[in-house]
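First the structure, in the form of structure tokens, and then the observations on it.
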Amino acid sequence: MSSTDEWTGILDDGEEIIWQGRPDGAIALRPASLFEAAFGMFFSGFALFWMLGAFKSGGSFWMFGLLHFSVGLGIIFHAVFWSSYVRRNSWYTLTDRRAFIGTRLPLLGRKLKSYPVTGSTPLELVDGQPASVFFAEKTKRGENGSTTVAVGFERIAEGREVYRMMRDVQARASERK
């Protein structure tokens with residue numbers, strides 16, 4: 001079975017794949033993730049301090065702190081490892097019309113999201129080694145409101161080349177109108 005057979009029923013008639021790749025799965029800490037990790041360390045550290053005090057008092061009351069300690073460790077894990085884990089389980093595809101981001105995560109399953117590349121699609125190249133090409137935004141809702149997050153091909157080795165390809169797709173999309 002060829003790789004184009006896997007796309008049957010997903011691609012439009014005449015749509016062609018022009019690039020496929022995977023992101024770099026290395027751990028990359030951002031300022032926000034450092035803040036999140038620091039909060040997790042404070043949270044789990046306080047729980048540990050409380051558990052030690054309760055343990056010295058005797059009995060098994062100290063075990064109630066295990067939940068808070070575990071939550072703190074989970075926050076640290078999320079801050080340091082989660083984005084890397086998601087990238088290791090992601091695949092990118094660029095066609096002559098759309099950009100696709102596929103993921104396969106435990107409990108969340110397989111997902112394939114499609115983003116049309118039009119003449120008005122905002123493209124941003126974040127140059128570096130590896131580079132990122134952003135082409136959409138999504139809104140994430142949280143406890144304190146919502147935040148806008150850039151969507152794109154993150155941490156790819158061929159960043160400049162993919163950016164150029166996307167600009168070409170944009171130009172052809174503008175010509176079709």
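Side notes on the structure shown:
- Strands (runs of 3 or more DSSP E) wholly inside the range 107-165 that include at least 3 residues being open to solvent by 90 Å² or more (accessible area, probe 1.4 Å): 109-116, 131-142
- Screening the range 138-176 for residues that are of a type in the set (Asp, Glu) and modelled with pLDDT under 90 and picking the one that is farthest from residue 26 (Cα to Cα) gives 175.
- A count restricted to the range 64-85 and to residues that are open to solvent by 70 Å² or more (accessible area, probe 1.4 Å) and under 28 Å from residue 160 (Cα atoms) stands at 3.
- The range 92-114 residues that are closer than 18 Å to residue 168 by Cα, paired with ones that are of a type in the set (S, T, N, Q) and surrounded by fewer than 19 Cβ atoms within 10 Å (Cβ to Cβ) (beta carbon under 6 Å, 6 or more apart): 93/20; 98/114; 100/114
- Filter pass, residue 88 being of a type in the set (Lys, Arg) and either within 30 Å of residue 39 (Cβ to Cβ) or open to solvent by less than 40 Å² (accessible area, probe 1.4 Å) (or both): yes
The rows are residues; the columns are (1) in contact with an Asp or Glu (Cβ under 6 Å, 6 or more places away or on another chain); (2) more than 30 Å from residue 70 (Cα to Cα); (3) basic (Lys, Arg).
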site	(1), (2), (3)
9	no, yes, no
14	no, yes, no
17	no, yes, no
21	no, yes, no
30	no, no, yes
33	no, no, no
41	no, no, no
45	no, no, no
51	no, no, no
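- Each residue in the range 89-106 was checked for being within 12 Å of the chain's Cα centre (by Cα) and not in a strand (DSSP E or B), and 1 pass.
- Selection from the range 1-58 of residues that are modelled with pLDDT under 90, within 17 Å of the chain's Cα centre (by Cα) and in a helix (DSSP H, G or I): 31, 32, 33
The values are calculated or read from the model by the stated rules, or taken from the named source; none is laboratory data. The model shown is predicted, which means the values in this text are computed figures rather than measured ones. Counting neighbours? That spans all protein chains shown, and the Cβs are built from the backbone with ideal geometry, glycine included. Heavy atoms of the whole protein, side chains included, go into the accessibility calculation; ligands, DNA and RNA do not. Shrake-Rupley method; radii C 1.70, N 1.55, O 1.52, S 1.80 Å.
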